[in-house]
Amino acid sequence: MDYLRLIDRSKLHYKRSDVTPIFGEPAAFGALVEDLLAPFRDVRIERVVGTDALGFVVGTALALKLGVGFVPVRKGGKLPVKHERVSFRDYSGAEKVLELRAEPWPPSTRVLLVDEWIETGATARAAAQLIEGAGGVVVGIAAIAFRKNAQTSALWAKYRCHGVWPEQA
């Protein structure tokens, strides 16, 4: 199924495109989940971590498919419990904060990080820092759109990375 055709591309820049129509079509959403997991089939994954907000939707679906737990990385100020936090500058240059619940898993838990868009890698780097700071091992990073560029090259070099929306789309 060509689920990428469901993405609303009415804006000129892909970052402003809307992937949520995929979630409304069960067959399309199922195909997306399968495609995101395809390169990780030979990898032992014990948790899926998704970044706020659409990474929650995609990450939860992947976790359910794998039969593992889901852990959210939240925007700053959202977690009402003890947490770790990291500051970073996002793709627009704005300072942002991400938070992860304290002690979210046993040491050396194998984690797949999931997001909707990874353009500069700033959010993914911050989330990976939180995961690794909590004793997790990032075994891969998956996103609907995951750009290969100078800003994301360190992620592609360090982790098994995968995106399903081709560069030319």
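What follows draws every value from the coordinates through simple rules; no lab data is involved. Everything quoted here is computed from the prediction, not taken from an experiment. Neighbour counts run over all protein chains shown; Cβ positions are idealised from the backbone, glycine included.
Structure values in brief
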| item | result |
| --- | --- |
| DSSP beta bridge pairing in the chain, given as percent antiparallel to the nearest 5 | 35 |
| Filtered trypsin sites (Lys or Arg not before Pro), segment 45-128: DSSP coil and at most 11 other beta carbons within 10 Å | Lys82 |
| Overall form of segment 82-132 per C-alpha gyration tensor (a/c, 1.5; a/b vs b/c) | oblate |
| Nearest 10 degrees, 0 to 90: helix 122-133 Cα axis against the chain principal axis | 40 |
| Global geometry of segment 8-129, whether rounded, prolate or oblate, following the gyration tensor of its Cα atoms and the 1.5 cut on a/c | oblate |
| Spatial separation of Cα centroids for segment 58-77 and segment 87-139, in angstrom | 12 |
